[in-house]
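Below: the structure, in structure tokens.
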Amino acid sequence: MTLNRVMTVDDDRFDQLAYRRILKKTNAKIDLLPFQYATEALEYLKSPTRRPVDVILLDINMPRMDGFEFLEAAKTELENQIVIMVTTSMDPQDRSRAETFAPVRGYFSKPLTTDDISVIDRLVAQQ
Amino acid sequence: MIDHDSNSRAHAPRSFAQSYATALATYVRDGNEENLSRAYDCARQALQSSISIGQLGELHFQAAQMLCSGSPSPSPETKRTEEFYLEAISVYDMALRGYGESVAQLTAEVLERKRAEQELRDVTYELARQRDSLDQKVKARTRELQAGLERSERLNSQLQQANQEQAQFTYAISHDLKSPINTIAMLLDIISVDHQEHLDSECLELIDAAQATASRMSRMITGILQYARLVGQEAEFETVSLDKLCRDVRDDLRQEITDGKAEIDISPLPDVRGMPSQLRSLLQNLLSNAIKFRDPGRPCRIAVSAAPKPRNCAAEITVSDTGIGIPEAYRTRIFSLFQRLHTYDEYSGSGIGLTLCQRIAGYHAGDIQVVSNEQGGSSFIVRLWINERERDNDTQSGDDG
């Protein structure tokens, strides 16, 4: 398991709970950085005290700033950063739009399974 | 001899023959240039009298024969006779040449006229061709426009049908979703109430979260149902008392008003043409939003008022609050479907309410805007039945006072 530090950007408290549960299950010592607003995640990425994360799990539909706006706003901060979209959106347009952003390396439906986590883990290991 | 020919003056050739014979005789006898030029005069006279060159030759021969009958030939007389004749002939020669020239000129004129006529025909043909092609273009364009019109009419009706179907579909789906979610809520209720003693605190907390989620979903479905019903609704307008409607809505919201310690002040509102259920829904959404997004740090005061004499619409209603306000950057977004500014933990809601309000205002030829007020809260301004002219040109200054 190479995943050690994961940022989760999702407005839903219970979705955040689900991430925590499944990630802790695969690595009990995993370091989690949850944000319920993308604006706050962006602030963190821009702050000088930020520490690198292995992967960012990003929701699309969020208040104030949605996942796409976040990818747009954090273009420089996300260079060489792996981002995985995690969403309930069934709109194929959302998927193809996500693929136009270089950092986006995967697109998963909620809720994440342990299999999804292993795929993400391999992606990070290859980096 | 001159007297003699007065009898036969009517017969030009004959009188001419005599004057010719006399002139010839004079020249033959006396010679000299002046007498020779008489030949010229005679011939011109002959030409004018339509005496042909053959006739001229004949009467010259007769005159010459009379002169020379007693003379030996050839003689100086014979030479003068020939000279005289040639002089006379030269007139015919000139006349013939002149005729030839005029024939050439005539031919040229005819050609020129033919060319001009051809040119005229060409121009006429070209004009006709252009008119025809213009005609065809106009016809083609008319056909195109007709086809375009038919196409857009077809698309419009398809769109209307699709809209209708979409609304029906959404309505059916939402309706069917409502019963399972209600069942889930009921089952969770049973677990938490009937089996409380078997559950630890974490378990109860999770059930609580599940119940909250279930009720959120139930609210969301209700919102979608409302929205779908609105989209599919047949427009039927009547006179509506906004004043009474607003006071009814305030009564409906009694529980929320008490919970939020809110005060709602309603200034007299006008009557307006509209759909009562829609306008009720509009006011209900605006008022419950004003209570929901109250600022915990100060009293929740809400004021509903109407512009006394709206300049460009039939009614302008403002709902002002002392709430948390809406940052400038989000003031357009809040009217989009499912757009929210807060997490569900902070404020409940489906992201449908303001979209619904905007839609309702739109059905009443109006709009809705949000501005921040002096108290730092929000003011939602609803305009209904905006003047046609104002909608065409929003920047136009009203002068209909």
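The values are calculated or read from the model by the stated rules, or taken from the named source; none is laboratory data. These numbers come from a predicted model, not from an experiment. Cβ coordinates were reconstructed from backbone atoms using ideal geometry, including for glycine residues, and neighbour counts include every protein chain displayed. We work out accessible area using only protein heavy atoms, side chains counted, and drop any ligands, DNA or RNA first. Shrake-Rupley method; radii C 1.70, N 1.55, O 1.52, S 1.80 Å.
Under 17 Å from the 7 Å Cα→Cβ point of B:Ile173, by amide nitrogen: which residues of the stretch A:65-104?
It comes to A:88-95, nothing else.
Could you grab the relative contact order for the stretch B:302-385? Cα pairs under 8 Å, six or more apart, rounded to a whole percent. Intermediate values should be presented prior to the final figure.
Working: 135 pairs, mean separation 30.6, N = 84.
Relative contact order, the stretch B:302-385: 36 percent.
Could you give the length gained on full extension between A:Ala125 and A:Arg51, defined as 0.36 nm per residue of separation minus the Cα-Cα distance, in nm?
The A:Ala125-A:Arg51 span can extend by a further 24.8 nm.
State which entries of A:Lys24/A:Lys46; A:Lys75/B:Lys178; B:Lys178/B:Lys292; A:Lys29/B:Lys178 exceed 31 angstrom in Cα-Cα distance in the structure shown.
In this structure, A:Lys75/B:Lys178; A:Lys29/B:Lys178 exceed 31 Å between Cα atoms.
Counting only protein heavy atoms, what percent of the accessible surface of chain B is carbon or sulfur at a 1.4 Å probe?
53
Report which residues of the stretch A:1-47 become buried by 50 Å² or more of accessible surface when going from the isolated chain to the complete set of protein chains (1.4 Å probe; DNA, RNA and ligands ignored).
A:Phe14, A:Tyr37
Gain in length, B:Arg331 to B:Asn32, computed as 0.36 nm per residue apart minus the alpha-carbon separation, to one decimal in nm?
94.9 nm
Explain nothing, just the number: dipole magnitude of chain B about its Cα centre with +1 on each Lys and Arg Cβ and -1 on each Asp and Glu Cβ, in debye rounded to the nearest 20.
Around 500 debye, computed over chain B.
Which parts of the stretch B:326-348, residue by residue, lose 10 Å² or more of accessible area when the rest of the protein chains are there, as against the chain isolated (1.4 Å probe)?
Residues of the stretch B:326-348 that lose at least 10 Å² of accessible area once the other chains are added: B:Tyr330, B:Arg333, B:Phe338, B:Gln339, B:Arg340, B:Leu341, B:His342, B:Thr343, B:Tyr344, B:Asp345, B:Glu346.
Please check which bits of the stretch B:290-305 a label hung off B:Asp265 would reach, taking the label as a point 7 Å along Cα-to-C-beta and the cut-off as backbone N under 15 Å.
Residues passing the 15 Å test: B:299-305.
Report, to the nearest whole %, how much of the accessible area of the stretch A:5-126 belongs to carbon and sulfur atoms, 1.4 Å probe, protein only.
50
Under the rule that an exposed site lies in a DSSP loop and has at most 14 other Cβ atoms within 10 Å, name the longest stretch of chain B with no chymotrypsin sites (Phe, Trp or Tyr not before Pro) of that kind, not counting the sites themselves.
After excluding every exposed loop site, the longest remaining stretch is B:1-236.
Total accessible area buried between chains A and B, 1.4 Å probe, in Å² to the nearest 100?
For A against B, buried area totals roughly 1100 Å².
What FRET efficiency do you get for B:Gln55 and B:Thr124 if R0 is 35 Å and r is their Cβ-Cβ distance, rounded to the nearest 0.05? Each step should come with its number before you reach the end.
Working: r = 50 Å, r/R0 = 1.44.
In this case the efficiency is close to 0.10.
Given H placed 1.01 Å from N in the peptide plane, which residues other than close sequence neighbours of B:Ile266 have an amide H under 5 Å from its amide H?
Correct list: B:Val304.
Once each part is reduced to its C-alpha centroid, what is the distance from the stretch B:89-137 to the stretch B:151-179 in angstrom?
76
What FRET efficiency do you get for B:Glu112 and B:Arg143 if R0 is 41 Å and r is their Cβ-Cβ distance, rounded to the nearest 0.05? Don't skip to the answer; put the middle values down first.
On the way: r = 46 Å, r/R0 = 1.11.
For B:Glu112 and B:Arg143, the calculated efficiency is 0.35.
Residues of the protein assembly as shown: accessible area per residue at 1.4 Å, in Å²?
61
Taking the Cα centre of each part, how many Å lie between the stretch A:39-107 and the stretch B:42-57?
Value for the Cα centre distance between the two parts: 120 Å.
So for the pair A:Glu69, B:Arg14, with labels modelled 7 Å out along Cα→Cβ, what separation do we get in nm?
13.0
B:Gln65 to B:Arg131: FRET efficiency via 1/(1 + (r/R0)^6), r the Cβ-Cβ distance, R0 45 Å, to the nearest 0.05?
0.05
What 222 nm value per residue comes from the helices of chain B, counting each DSSP H run with n ≥ 4 as -39,500 (n - 2.57) and dividing by all residues, nearest 500 deg cm²/dmol?
Numbers: 10 runs with 251 residues, N = 401.
Value at 222 nm, helices only, nearest 500: -22000 deg cm²/dmol.
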